[in-house]
Every structure is written in structure tokens, then in C-alpha cells.
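Take a look at the structure below.
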Amino acid sequence: MKNILELLEKSAKKYPDKTAFADIDNADSYSELIKKSMAIGTFVAKKQIRNKAIAVYMTQSVNSVEAMLGVVYSGNHYVVIDGKMPENRIKNIFSIVKPSLIICDAEHIELSEQLDVDFCCISDITETNADEELLNSIRASQIDTDPVYILFTSGSTGTPKGTVINHRNVLAYSEWLCETFDINENTIYGNQTPFYFSMSVSDVYGTLRSGATLNIIPKKYFSFPVQLINYLNERKVNTIYWVPSALALVANWKALDSLKLDYIEKIMFAGEAIAAKHLNYWRKHLPNAMYANLFGPTETTDICAYWIQNREIADNESVPIGKACDNCECLIIDENGKQADEGELYVRGSFISYGYFNNPDTTVKAFVQNPLNHSYPEKVYKTGDLVRKNKYGELEYISRKDFQIKHMGYRIELGEVEAAANAPEKIKNACAVYDSATDEIILIYEGRKFEEKEYLDILAGSLPTYMMPSKIIRIKNMPYNANGKIDRVWLSKNYKTI
């Protein structure tokens, strides 16, 4: 197998009438999905565009999947653009990737007209007569290292970085995913993550590989737990892969105290560290479900390490990230370039992307020669994540390297401060930021009001004096970025005016 479209075609042959993808209003069976994707692919291919970036600019829906796969049929690679993304960020992305075409929905025609790129509306092209001879000729010239998509993340300099993922990456990753978690034709996903976020790769390509069904959950439901749980039950969702903030929403509202999830069997999470107390809340109400903490950056397709829960975790403990995925190796490298039990995480294997589109300087800093191999060229990804081995030999996430600060002469991982700060029952979410101008650790929390002394006394039971926050600020609602993660950048800039 060398092309991700083979996943779709195999499932369409086995399950032609089965629902593949559904949103709140529409659904495509596998046979409908392949028909519409080939129609879109034919339309694009007849424009004589090959191996170029095509922007998919629309509200997340079944149409999004049709467009993504249609782009691949045309011999090109897609870039998903959030329907709510600010125009300036879209222009920044377009200045880097220079898309040859935009495929939009009716809602985004007017905005597409302003972007100085040729565009078409998906409703106008899904009835194109598929030219199978043309599509087959395109497929014959493709290889497994051709790009499938470019996924843009936030760069540390404020400039978006476009990670280039190829067919081999997705095929290797989706094979591991389905085998490890038994994703099969009976799996019914409840999709939370947007298609421009790497976690969605597991949902989309796990579905295509296994013949599963994926339901796109309306984003607004994540503000209304009752609607969310009712939707999951109505759609008979048995598998979720969400960011911890989405799981925390249900836990903080105590939604499962009065409502029951009837079908959930597998609960996976990734994207940021999960508070153990939120995990324990879910386990209390769904004790027979499988729970798995998945860990990895966009540059490793989605995941490089995972931990399937096999023991109790106390509310003030860190949830492990476990071990490397099959056909993937996680290396812990210290400041001297040596293997160690604590240090920066490097990853090697078939999940590793090419690097960043049109950004060679940043690519060579992150995709480096394996420091343990001096015999032949071998690129590994230098993640910027700090990890250590715990007493069980499992990997444990500490924090981002750029969350590491120097305070009172000590190196401090803000992730450790947050782990302790999230433990009390009153706390919904906590985030630690550092003000370098005043050399202060600022703890910002969402939850019931704590007397500062009471909170500090609790923290003192877990943190040494030099890691204690200088200020504690209560916030009504924690800000989240488009991926559902706590918006640390906003908090760092605005905590004084909260």
C-alpha cells in the first residue's frame, strides 16, 4: 500500500452502504464519499494542477472530508483552513504555501474572493463526472513519499509553521493506531478536534482504514454538556479521542453524575497534559472503558508515545505518556547529546514528517542528525518536550522546553507547578506563566474561589519553596485557542488586566 486513497477504496468495497462520515445535517456512505471525492479530484485535475497545495476553506463538515480526499485524488496535497480563522493568519499561511486553488463552501465564498487565489465552491463541483482514466494515470505516477497534507501550527516567532506529512507517514501511523486500539468496522467515533489539528488524523484515517463511522460533533455542544452527552448517545458513539480540556468540561460540570454515556468503550486523549483528577472522574463513572494517554507533536504525524491505563493514578500525580509506538523510537537526550533518563525527547521512525514547508532554517533546527548515530545520515525530530523515566520505566512528560524557566537560580518546569495546582477539588483548570520582567511565577486558575493562603498551603505540600507562585489570580473562564488548548500566550500577555 502506498497511497492513503487505498484505505478509502478498500473500505468502500467492503462497506459501500455504511455511513463513513456524518455531521449534524449530512452524512456520506463509503460509496457516496468515494464518488464525490473522485468528482472533486477530476475537477481539480483538469485544471492541470499537480503536486501543489490546495486550500480547503470551510466549516468543518462532511464536505471537508470530501474536499480533502478529492485533493489527494487530483495528485495534490491539501491545507485545511479554519472557517473562523482571522483573515491575517490566512494571508500569512497563504504567503508561505501559495495555494493553487481554494475549495470553499457557500459560507466562505465572499471571504475567498478577497484572498487573491483562484477558488471554487464545493457544491458546484461534487457533481463533476469522474474521469477514472485521468485519476488512474495520476495515481500511477505517485509514490508513498508524496505529500498528503500540510498542517500549520503556531510558530514560536508568531509565524505559522507548515508541517509536511506524506502518504507513508499516514499509512504507518494509521496502521499502528488501528492495531493498538482495535479500531474496526464497529468503531463509531465522536470527533472533537478540528481537521486543521493533527489529532484529527487519527479520527479521519483510523476511520478510513478500518471502515468505521465518524460523527463530527458540533463545536457548540462542548459548551453544553447535556447536549454533548445526548448527542453521543443518539449517535451511539463508542470511541472518543479528545483534548483534555474537552474531557475536563464534562468533569468540571459533574455532567456524568446525572447523565449516562450509554456506548462509550474507548477514551483517548492528547494535545496537552491531562489533570489526573479529571481522568479519575471519568473512570469513576465509566470504570470498564479503556483509557489511553497519547502523546506526540504534529511533526510525528500525530503520536509517538502512548500509555494505556493499567493502574490507579492519584489526583496529584502526573499521568504517564508511556512508551514509544511500534515502529517508532523515543530517545531521551541530555544537554550533552547523550542518552539519559531525563532530558529532551527526540523521535525517530516512519511517523516523522519531512519538515516545514518553505522554511528550511526552522526545519534544520528541529530535524537533526541522530546524536547517537555517527555512522550514516539519519534524521530525527527534536521535539522541544522535556520528559523523564518514572519508577515504572514509563515516559513521563515534564513540560515544553520553552516552559522551562530559570527562577531564583533554579531550573523550573512550569508543567510541574500546574500538575500540583490542578489537584485540589475546587480547581477546574490551572495554568502557570512566567513574567521574566519581574521574575515571578504567576498561577492563574478557574474554579471556586480559594483563599490565597489556603491554596498556597496545599501547593506547599507538593512544591519546593522556589517553585511556589508569586501571585495567584482567579479567572472566570480560562481562555482556549482554536485547538482547544489553554491559550498560554494570551494569559502571559494579559494576566495583569484579567
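The values are calculated or read from the model by the stated rules, or taken from the named source; none is laboratory data. Since the model is a prediction, treat every value here as computed from it, not as a measurement. Here the Cβ is made from the backbone with ideal geometry for all residues, glycine too, and neighbour counts use every protein chain on show. Heads up: the accessible areas ignore ligands, DNA and RNA and are worked out on the full protein's heavy atoms, side chains in. Shrake-Rupley method; radii C 1.70, N 1.55, O 1.52, S 1.80 Å.
Counting each pair of different Cα atoms once, what's the Kirkwood radius of the stretch 18-76 in Å, rounded to one decimal?
Computed over Cα pairs of the stretch 18-76, the Kirkwood hydrodynamic radius comes out at 11.6 Å.
Restricting the count to DSSP beta bridges whose residues both fall in the stretch 265-317, what percent are antiparallel, rounded to a multiple of 5?
Around 50 percent antiparallel, to the nearest 5.
Ignoring ligands, DNA and RNA, how do LYS161, LYS260, LYS47 rank by accessible area with a 1.4 Å probe, largest first?
From most exposed to least exposed: LYS260, LYS47, LYS161.
Below 8 Å between Cα atoms, with a sequence gap of 6+, how large is the relative contact order for the stretch 244-379 in percent?
Relative contact order of the stretch 244-379: 16 percent.
Please report how far the C-alpha centroid of the stretch 58-86 lies from that of the stretch 419-490, rounded to the nearest whole angstrom.
About 38 Å separates the Cα centre of the stretch 58-86 from the one of the stretch 419-490.
Quick one: compute the contact order of the chain, relative version, from alpha carbon pairs under 8 angstrom and 6+ residues apart, as a percent.
Normalised by residue count, the contact order of the chain is 10 percent.
Give me the 1.4 Å probe accessible area per residue for the stretch 201-327, excluding ligands and nucleic acids, in Å². Intermediate results must be reported in sequence, preceding the final value.
Details: 4600 Å² over 127 residues.
That works out to 36 Å² for each residue.
Under 22 Å from the Cα of LYS84, which lysines turn up, not counting those fewer than eight places away in the same chain?
LYS98, LYS161, LYS219, LYS220, LYS485
Starting from the stretch 75-120, pick out the trypsin sites (Lys or Arg not before Pro) whose DSSP state is loop and whose Cβ has at most 14 other Cβ atoms within 10 Å. Mind dumping the intermediate values first?
Numbers: sites: LYS84, ARG89, LYS91; in loops: LYS84.
When the trypsin sites (Lys or Arg not before Pro) of the stretch 75-120 are filtered for loop state and at most 14 Cβ neighbours within 10 Å, LYS84 remain.
Could you derive backbone 3J(HN,Hα) for the stretch 225-241 from the dihedral phi with the Karplus parameters 6.51, -1.76 and 1.60 (θ = phi - 60°), listing whole Hz in sequence and x where the residue is Gly or Pro?
Here the 3J(HN,Hα) series is x, 5, 4, 4, 5, 4, 4, 4, 6, 4, 8, 6, 5, 10, 9, 10, 9 Hz.
Starting from the amide H of TYR241, placed 1.01 Å from N in the peptide plane, find each other amide H under 5 Å away whose residue is 5 or more places distant or on another chain.
Sorted by chain and number, the residues that satisfy this are GLY190, GLN192, MET268.
Taking the Cα centre of the chain as origin, work out the dipole magnitude from +1 charges on Lys and Arg Cβ and -1 charges on Asp and Glu Cβ, in debye rounded to 20.
So the dipole magnitude of the chain works out to roughly 540 debye.
Quick one: pull the percent of accessible area on the stretch 278-402 belonging to carbon and sulfur, 1.4 Å probe, ligands and nucleic acids left out.
Looking at the stretch 278-402 in its full context, I get 45 percent from C and S.
Please compute the net charge surrounding SER11, taking Lys and Arg as +1 and Asp and Glu as -1 over other residues with Cβ under 9 Å from its Cβ.
Its environment carries a net charge of +3.
Which percent, to the nearest 5, of DSSP beta bridges fully inside the chain are antiparallel?
60 percent
Please list 3J(HN,Hα) in residue order for the stretch 291-298, calculated via the Karplus relation 6.51 cos²θ - 1.76 cosθ + 1.60 where θ = phi - 60°; whole Hz, with x for glycine and proline.
10, 9, 9, 9, 9, x, x, 3
By the 4.7 Å beta carbon criterion, which cysteine residues of the chain come out unpaired?
Cys with no partner Cβ under 4.7 Å: CYS104, CYS120, CYS121, CYS178, CYS304, CYS330, CYS431.
What number, in percent, do you get for the relative contact order of the stretch 428-472 if the mean sequence gap of Cα pairs under 8 Å and at least 6 apart is divided by its residue count? If you can, show how the numbers build up before the last one.
Details: 48 pairs, mean separation 18.2, N = 45.
40 percent.
Kindly provide the helix-only [θ] at 222 nm of the chain, computed as the sum of -39,500 (n - 2.57) over DSSP H runs of four or more divided by all residues, to the nearest 500 deg cm²/dmol?
Computed mean residue ellipticity for the chain: -9000 deg cm²/dmol.
Starting at the first residue of the stretch 75-85, write each ³J(HN,Hα) from the Karplus equation 6.51 cos²θ - 1.76 cosθ + 1.60 with θ = phi - 60°, in whole Hz, x for Gly and Pro.
My calculation for the stretch 75-85 gives x, 10, 10, 9, 10, 7, 10, 4, x, 9, 5 Hz in order.
Using modelled backbone amide H atoms (1.01 Å from N, in-plane), which distant-in-sequence or interchain residues come within less than 5 Å of LYS428's amide H?
Amide H neighbours of LYS428, under 5 Å, 5+ apart: GLU446, GLY447, ARG448.
Taking the chain as the reference, fit the longest principal axis to its C-alpha atoms, fit the long axis of helix 62-73 to the helix C-alpha atoms, and give the angle between the two in degrees, 0 to 90, nearest 10.
60 degrees
Counting only residues 5 or more places away or on other chains, whose amide H sits under 5 Å from the amide H of ASP385 once H atoms are built in the peptide plane?
When sequence neighbours closer than 5 places are left aside, the close amide H contacts are LEU345, LYS401.
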